[in-house]
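Report on the following structure.
Derivation of every value follows stated rules applied to the coordinates shown; laboratory data play no part. Quick caveat, the model's predicted, so the values are computed rather than measured. Backbone-built Cβ (ideal geometry, glycine too); neighbour counts: all protein chains shown.
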Amino acid sequence: MAGLTAVAVVAVCFLAYQASASAPADVSAQPRATGPAKPSAASSGGPKRPSGNSAAVPAQSGTGERVVYALDDRRVWLIDEKGRTSRTFTVMPSTVHPEPGTYSVTSRAGSVPGSDGVRIEHVVRFATVQNVTVGFSAAVDGSTPSPDPSKKTGGIRMQRADGDAMWAFAVIGAKIVVVA
């Protein structure tokens, strides 16, 4: 009996270690419930270059708690339930882009290999375009290189600290608003 208990304790400790290794820096965030979102998924011309006042939340980005992704500005805003920006940051867009519209987080992964071979973490997926899954992620090595334009990729890369914040904020079902 003591042997089984020891094995169970070791197994639990091992699983706890694995979970903590892929957890964000701030695990105190509570999951948020959001309503259903209207999906829209098609390719677009995609991001160009940052424009004007990129710190201001885009006017046509909806209301309430949401993640706003501005294609042209290459910027993301995490907006709380009171409509305040809790964080904003720049991203490196992928080669495949979702159409402007409202989406929901459909799946998440703590750590996986990226389509470019780079190990990524805090993957938050929300759309599929041209059979390519589109989502936010951070490279474990901290890099945010421009994607190879000859490849179809859907990974929108961000810095690791921003990936931690996205991971804590954008739970399954969270609203993602994509604007031009």
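All other residues with a Cβ under 14 Å from the Cβ of T128 taken together, and with Lys, Arg as +1 and Asp, Glu as -1, what is their net charge?
Net charge around T128: +1.
What dipole magnitude, in Debye to the nearest 20, does region 45-180 give about its Cα centre under +1 on Lys/Arg Cβ and -1 on Asp/Glu Cβ?
80
For R119 and E99, calculate 0.36 nm times their separation in residues minus their Cα-Cα distance, and state this gained length in nm to one decimal.
The span from R119 to E99 would gain 4.5 nm if fully extended.
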